[in-house]
């Protein structure tokens, strides 16, 4: 799309350029050096799914804690399974049929995949702009902490 800048700034200016915001291609430089866009500035940007180039460092902390809690939950689940408990999650139950290491690696990779998907859309809003996606990370940590507490309770009584 070509924009005639001369009509905007007066007839004496004969600049023609392409609007940089319409370029949808990513260059190799973008992947090596990273981008600069950390947040959405305009109100119209906050509608729908939006992406940025750089993410809030606090989100990485949430993801690392989430992965640690996921692995801890996996080991506690394996211990409880060895003492008579059973896995009620059908996906994880099918992973257990292939062995404990497959179970742990599947749990880790599925958690990584979910966390990365949420990270990519972390600047978007859902449910009619009522919930910021980045607010899901603390909620996930609370849920995992609740599972760890429950596993610890079961660990004590088993």
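Nothing in this text is a laboratory measurement; each read-out follows from the coordinates by a stated rule. Predicted model only: the values in this text are computed from it and were never measured. All Cβ positions, glycine included, derive from the backbone under ideal geometry; neighbour counts span all protein chains shown.
Below is a table of values for the structure above.
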{"read-out": "Likely footprinting exposure, 134, 86, fewest C-beta neighbours within 10 Å first", "value": "86, 134"}
{"read-out": "nm² value of the averaged projected area, convex hull over the Cα atoms of the range 48-157", "value": "7.8 nm²"}
{"read-out": "Proxy reagent accessibility, fewest Cβ within 10 Å first, across 83, 132", "value": "83, 132"}
{"read-out": "Difference of contour (0.36 nm per residue) and Cα-Cα distance, residue 75 to residue 127", "value": "15.2 nm"}
{"read-out": "Point-to-point label distance, residue 56-residue 86, nm (Cα→Cβ direction, 7 Å offset)", "value": "4.2 nm"}
